[in-house]
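In what follows, a structure is listed as structure tokens, so that the remarks can point back to it.
The values are calculated or read from the model by the stated rules, or taken from the named source; none is laboratory data. Everything quoted here is computed from the prediction, not taken from an experiment. When we count neighbours, we look across all protein chains shown, and the Cβ atoms used for this are built from the backbone with ideal geometry, even at glycine.
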Amino acid sequence: MVVHVSPEEAISPYKALKKAFENFNLEAFKDKTVAIKLHMGERGNRTHLHPSYAAALVKILQEFNCKPFLTDTTTLYIGSRLTGLGYLKTATENGFSPATVGAPIIIADGLYGEETIKIESGEVEVKDASMGRALYEAEGIIVLSHVKGHDLTGFAGAIKNVGMGFASRSFKRYMHKVIEPIIAHPERCVGCGICAKSCPGKAITIVSGKPKIDLEKCIGCKVCTIKCPNQVMEVSEKLVEEFNVRLGECAAVILKALNKKPILYVNVAEKITKHCDCVSEPAKLVAEDSGIYVSEDPVAIDTASFKDVEKNLTKTKNLKEVNDVDPWLHLKTAEKFGIGKTSYTIKTI
Ligand code: SF4
Ligand code: SF4
């Protein structure tokens, strides 16, 4: 079941979540150390999740005698959240601190991404399956996701938050490694250097006025294809599809490794942007707010949020058009591996 709180009813995150949680049995979380997994936004991003949602969850969990903490993993790309300390500084700048949310913040994979744990991949064929240790060791987890578009997945909610967000750097790299940009239209290049300046992997150099990509350094983010004003770089549709299959598979591997713990999903569909919260600049909105969703099923909650976002798009007819990526693929892959269903019942409160 998915419980939906409309935007009108979601003005107070605490009241909205408290009411939504009445539909679920929270006894399993009682007295436990609970990780609230969320993306606290890149430096300069202005559309990430508001800290009041994390504070509301902390308060509710403390009423159940839980010991909550906020957590996320460091990034693969070179940015403000590359290290644990950098992440904590960025989180504070973005309004997340023990003083504002009422709980500690622990970076799940440590100072330099070294605090990870290997996990079994079972019947799913993936490489380097491992995740942030603090997420693995927490006794319960609330996956708090900001619903938005994404240039590689088309849609980002709970499955993206788990599949990429819980993963160690090596597991992230396994997913991203499939994305290899090519210089498809060299004749269009004007040598402006924007691609090199914006490459988060520092993989592009300008040689004799033309870009050169070092695929060893490339982290497969696709940013160069977006930033180049003349569409010189391309990543093939097939590779993007393969990335999405890997993302769904890796989310399944992670959730299967955690299958004995209580996990609840909260999706917040407000300030819905074209790209993800890793973008370090103010972003334009692509849809009206849809409210808050709560579920025990990560695929169902994403499907419900996805469908409402599509109804509320302001400039395009569907989410696929927003980033030219099939937003269903990672969700359907996750469903295929049994971690949730795209069919569900919904209750609006
Ligand atoms: S951003 Fe595009 S046009 Fe500018 S140097 Fe890079 S490839 Fe050439
Ligand atoms: S995909 Fe492009 S922007 Fe991203 S790391 Fe590779 S070369 Fe750099």
Taking region 209-248 and keeping residues assigned to a helix (DSSP H, G or I), of a type in the set (A, V, I, L, M) and within 14 Å of ligand 1 (Cβ to nearest atom) leaves Val223, Ile226
Ala287 fails exactly one of (1) crowded, with 17+ Cβ neighbours inside 10 Å; (2) within 16 Å of ligand 1 (Cβ to nearest atom), namely (2)
Residue list for region 320-349, filter: within 18 Å of Ala304 (Cβ to Cβ) and aromatic (Phe, Trp, Tyr) = Trp328, Tyr344
May I ask you to verify whether Lys260 is assigned to a loop (DSSP other than H, G, I, E, B), more than 16 Å from the chain's Cα centre (by Cα) and within 25 Å of Ala28 (Cβ to Cβ)?
-> yes
Would you please name the residue that is nearest to Asp72 (Cα to Cα), looking only at residues in region 120-148 that are in contact with a Ser or Thr (Cβ under 6 Å, 6 or more places away or on another chain) and part of a loop (DSSP other than H, G, I, E, B)?
-> Ala138
Would you be able to say whether some residue in region 229-251 is under 30 Å from Leu61 (Cα atoms) and either touching a strand residue (DSSP E or B) at 6+ places or on another chain (Cβ under 8 Å) or of a type in the set (Phe, Trp, Tyr) (or both)?
-> yes
Go through the residues of region 275-293 one by one and say whether even a single one is farther than 19 Å from Gly163 by Cβ, in contact with a Gly (Cβ under 7 Å, 6 or more places away or on another chain) and assigned to a loop (DSSP other than H, G, I, E, B).
-> yes
Scan Lys238, Lys160 and give me the residue that is buried (at least 22 other Cβ atoms within 10 Å of the Cβ) and away from ligand 2 (no atom under 15 Å from the Cβ).
-> Lys160
Conditions: (1) assigned to a loop (DSSP other than H, G, I, E, B); (2) within 7 Å of ligand 1 (Cβ to nearest atom). Ile206 meets all but one. Number of the miss?
-> (1)
Scan region 185-219 residue by residue and report those that are closer than 18 Å to Val235 by Cβ, within 14 Å of ligand 2 (Cβ to nearest atom), free of Cβ contacts under 8 Å to residues at least 60 places away in the same chain and out of contact with any strand residue (DSSP E or B) (no Cβ under 8 Å at 6 or more places or on another chain).
-> Ile194, Ser198, Cys199, Leu215, Glu216, Lys217, Cys218
With the condition kept exactly as written, say whether any residue in region 83-91 is assigned to a loop (DSSP other than H, G, I, E, B), assigned by TED's automatic domain parsing to the domain that holds Cys278 and under 30 Å from Val178 (Cα atoms).
-> yes
Quick one: in region 172-184, of everything that is of a type in the set (A, V, I, L, M) and not in a strand (DSSP E or B), which residue is nearest to ligand 2 (Cβ to nearest atom)?
-> Ile179
Restricting region 122-157 to residues that are surrounded by fewer than 23 Cβ atoms within 10 Å (Cβ to Cβ) and of a type in the set (D, E, K, R), the one modelled with the lowest pLDDT turns out to be Glu123
The condition from (1) more than 16 Å from ligand 2 (Cβ to nearest atom); (2) assigned to a helix (DSSP H, G or I); (3) not assigned by TED's automatic domain parsing to the domain that holds Lys320 that Thr100 misses is numbered (3)
